[in-house]
Amino acid sequence: MGQVVLKGINKFYDSVHAVRDVNLQIRDKEFVVLVGPSGCGKTTTLRMIAGLEAISSGDISIDGNVINELAPMDRDIAMVFQNYALYPHMSVYDNMAFGLKMRKFGRPEIEKRVREAADILGIGELLMRKPRQLSGGQRQRVALGRAIVRHPRVFLFDEPLSNLDAKLRVQMRVELKKLHLRLGTTAIYVTHDQVEAMTLGDRVVVMKDGVVQQVGEPLELYNQPANKFVAGFIGSPAMNFAAVTVTEANGSLIAENSGLRIKLPDETAQRLRGHIGHEVTLGVRPEDLTVAGTADLDHPCFDAVIEVVEQLGSEILLDMKVGEGVMVACVEPTARVKVRDKLRVAMRSSRLHVFDAKTEAAI
Amino acid sequence: MAIAETQVYMPPAPRPKLRLLEDERWLALVLLVPTLVLLGMFIAYPFVRGILLSVTNSRVGVPGEFVGLANFYKIFNDGIFRTSVYNTFLYTGVTTVFKLALGLWLAMLLNRNFRGKAFTRAFILLPFIIPTVLSTFAWKWMFDPTFSVLNWLLYHFGLITGRINWLGDPDLAMISIIIVNIWRGVPFYAISLLAGLQTISPELGEAAAIDGARPWQRFWYITWPLLLPVTMVVVLFSVIQTFADFQIVYVMTGGGPANATHLFATYAYQIGIGTGLLSEGAAISLAMFPVLFLVVIIQLLYIRRVEVR
């Protein structure tokens, strides 16, 4: 079992309110990712669960038992650190065996568990080496191994992949996912990389300035962001935002600014009835913009001037000037476009997001 | 054609003297000369001179002549010399243990986060910064039989009824100089070990805490082995310094009472300069050499092994 509940968690550093009233229910066997920009309180939250940081107020419980006052060793958790935190003077074997030795496991049991973990991670050959003699990826595996051998109730990961190069990071990401499917241990994973969050998490917790912005499954965050911050943070390239004014003409609602004039689809218009004459923020993902063709007659269109063309092979990113603002479109690799082209762009209006200009909450 | 158009720069042929310096062997020699001269003048020459002196019977004003190992034979049969040897080992051994233990403890305390950390760290160095002779005079005053502030304190706390003659009793005098040496030496240990502790990532301690290691286990399995190379260097310097210590004993007791607190250095000084038996003093000084040499060899070998590892 490994059910973790955070109830009204706060953390103060002197006058800084680093974590604000966090409530979370993490189910057994779930893989939950805490994601947000640096300084958002995600690592502090993780360290409070680990017991490395005191909780200013609130309760953390594992399987129903409040663990606020328990020492890290008594919480039955294992943690993987960003810099691996391998003991440099010990061999790989001893690094992995250390936690078991401290808990007074018998020699045969230690041997069995270390071999088992080494097999899972494919580091059986490295057991007698010192951490210094390993590559970054191998060290990362050893750090994982050290957590696995303990058979804890909860795994805590603190940006474990951020020190690896881009290619290895993708590879380890897949392996982490496989490992979780195989072991089924509850995992809480901290990262600032939204791609990692989306690919690894059963559920993702987006944080900013110590406050939880939204909790949900990856696609839920992508499709129904709760506010402008989540909308901009999840998804790459990031969502385009445009400040527009809502007006009424011939019974339908129009959103317009210096470069845009879009007739809002009925479903969106319904929600914006109360905002006529006011400013709102329009959000549209780059992948929901296309070069307008004959098939796009029903979609709202607008004019844009291409400023930069980024060829990615599988797609093309267009940085465009739209009125006073800029937008990025992600279009088919077959599109024939070049810099300074004037372009008619179509918008998949069913995928429009609208946010309150002041509170930034989704409307 | 492109090649022909490129002008190849040909430096002018150097003058003959400079050409000699083009050869790395000659250049190395030239660069080493200042150091060689300095080391030769201030270390090698006095050392050789000391050896030559120790095999003569020269005294102040008497050039003396070659007597072989007579001086060494004499000092090995000298009771005070034997006491000095014993004292030096005792003094070095006891103070090193205490300085290491207290210095490490202080370093671990200073390695924590607390208000006024920087100030305290600077403050700790005071005993190390004050000229030893000055601070030792202050200690001498504190151990003075009549004016001792220690006696006053002990008396007012009701722990003693009469005066303790700190520097008048051979054993107490030895304890006194050991206390002063520890007081003076702890800051060096504390600050050096603190520097060593700061190179150890705090994440290791956290990982060990999660792994189930209690505080003393974290110290024993993580901190101590990782700090060992630094510790060895600190102990090496300290042992050499303490073994050849002079100032504290010279000021506190002058080797007394009744020659009971002499160390190698103070006894060599007393015989060589005080009594004027230059050759015998040189022999006493040289008797220190094999021990120090051994200490240096052992520790340097160890440090090298750690570096290679």
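Read-outs throughout are calculated quantities, based only on the coordinates presented, and are distinct from any laboratory measurement. Since the model is a prediction, treat every value here as computed from it, not as a measurement. A quick note on method: Cβ atoms are made from the backbone with ideal geometry, for glycine too, and the neighbour counts reach across all protein chains shown.
Which value in deg cm²/dmol, rounded to the nearest 500, describes the helix-derived mean residue ellipticity at 222 nm for the protein assembly as shown, given -39,500 (n - 2.57) per DSSP H run of n ≥ 4 and division by the residue count?
Working: 26 runs with 304 residues, N = 672.
Per the formula, -14000 deg cm²/dmol.
Between B:Arg59 and B:Arg82, what FRET efficiency comes out of the Förster formula 1/(1 + (r/R0)^6) with R0 = 22 Å and r the beta carbon distance, rounded to 0.05? Don't skip to the end; give the middle numbers.
On the way: r = 23 Å, r/R0 = 1.04.
So, using R0 = 22 Å, E works out to roughly 0.45.
Give the relative contact order (percent, whole number) for chain B; include only Cα pairs under 8 Å separated by 6+ residues.
Numbers: 316 pairs, mean separation 80.5, N = 309.
Result for chain B is 26 percent.
For the pair A:Asn83 and A:Glu220, what calculated FRET efficiency results from E = 1/(1 + (r/R0)^6), where r is the Cβ-Cβ distance and R0 = 41 Å, to the nearest 0.05? List each step's numbers first, then the result.
Working: r = 33 Å, r/R0 = 0.80.
That gives a FRET efficiency of 0.80.
Report, for chain A, the % of DSSP beta bridges that are antiparallel, rounded to 5. Present the calculation step by step, with values, prior to reporting the outcome.
Numbers: 60 of 78 bridges.
Counting DSSP beta bridges with both partners in chain A, the antiparallel share is about 75 percent.
What is the local net charge at A:Leu134, summed over the other residues whose Cβ is closer than 12 Å to its Cβ (Lys, Arg +1; Asp, Glu -1)? If you can, show how the numbers build up before the last one.
Values: positive: A:Arg129, A:Lys130, A:Arg132, A:Arg139, A:Arg141; negative: A:Glu125.
Summing Lys/Arg as +1 and Asp/Glu as -1 gives +4.
Rg and Dmax of chain A over Cα atoms: what are they, in angstrom?
Computed over the Cα atoms of chain A, radius of gyration and Dmax are 24.7, 82 Å.
Within the set A:Lys7/A:Lys29; A:Lys42/A:Lys101; A:Lys208/B:Lys117; A:Lys208/A:Lys338, which residue pairs have Cα atoms separated by over 27 Å? Mind dumping the intermediate values first?
Details: A:Lys7/A:Lys29 20 Å; A:Lys42/A:Lys101 31 Å; A:Lys208/B:Lys117 32 Å; A:Lys208/A:Lys338 38 Å.
Checking Cα-Cα distances, A:Lys42/A:Lys101; A:Lys208/B:Lys117; A:Lys208/A:Lys338 exceed 27 Å.
What Kirkwood radius, in Å to one decimal, follows from the Cα pairs of segment A:185-295? The partial results should precede the final answer.
Values: mean 1/r = 0.0623 Å⁻¹.
Its Kirkwood hydrodynamic radius stands at 16.1 Å.
Give me the number: length gained by fully extending A:Arg351 to A:Arg107, i.e. 0.36 nm times residue separation minus the C-alpha to C-alpha distance, one decimal in nm.
On the way: separation 244, 0.36 × 244 = 87.84 nm, distance 5.94 nm.
Value of the extension gain: 81.9 nm.
Using all C-alpha to C-alpha distances in segment A:128-252, build P(r) with 5 Å bins and read off the rounded percent in each one.
2, 8, 17, 18, 16, 14, 9, 6, 4, 3, 2, 1, 1, 0, 0, 0
Can you work out the FRET efficiency for the pair B:Ala195 and B:Asp169, with r the C-beta to C-beta distance and R0 = 60 Å, to the nearest 0.05? Walk me through the intermediate numbers first.
Working: r = 39 Å, r/R0 = 0.66.
Efficiency for this residue pair is about 0.95.
When the gyration tensor of segment A:246-292 is built from Cα positions, what are the square roots of 5 times its three eigenvalues, in whole Å, from largest to smallest? Don't jump to the answer; show the numbers that get you there.
Values: eigenvalues 74, 27, 24 Å².
Equivalent ellipsoid of segment A:246-292: 19, 12, 11 Å, largest first.
Once you keep just the Cα pairs under 8 angstrom separated by 6 or more residues, what percentage relative contact order results for chain A? It would help to have the intermediate numbers written out before the result.
Numbers: 730 pairs, mean separation 55.9, N = 363.
With pairs under 8 Å counted, the relative contact order is 15 percent.
Express as a percent, rounded to the nearest 5, the fraction of DSSP beta bridges in the protein assembly as shown (both residues included) that run antiparallel. Mind dumping the intermediate values first?
Details: 62 of 80 bridges.
DSSP beta bridges in the protein assembly as shown are roughly 80 percent antiparallel.
How far apart, in nm, are two points set 7 Å out from the Cα along the Cα-to-Cβ line at B:Arg115 and at A:Arg129?
Roughly 4.9 nm, to one decimal.
Which percent of Cα-Cα pairs in the protein assembly as shown sits in each 20 Å bin, short to long?
Bin by bin from 0 Å, the calculated values are 13, 28, 26, 21, 9, 2, 0.
Measuring from label point to label point, each 7 Å out along Cα→Cβ, what is the B:Arg19 to B:Leu154 span in nm?
About 8.1 nm, to one decimal.
Which number do you get for Rg(Cα) / (2.2 N^0.38 Å) in segment A:200-256?
So the Cα radius of gyration is 1.46 times the expected 2.2 N^0.38 Å.
Taking square-rooted eigenvalues a ≥ b ≥ c of the alpha carbon gyration tensor, is chain B rounded, prolate or oblate, where a/c under 1.5 means rounded and, failing that, a/b exceeding b/c means prolate? Mind showing how you got there, number by number?
Working: a/c = 2.48, a/b = 1.21, b/c = 2.05.
In terms of gyration-tensor shape, oblate.
A:Lys228: which aspartates and glutamates have alpha carbons under 16 Å from its alpha carbon, excluding same-chain residues fewer than 8 sequence positions away?
Cα-Cα hits under 16 Å: A:Asp209, A:Glu220, A:Glu279, A:Asp356, A:Glu360.
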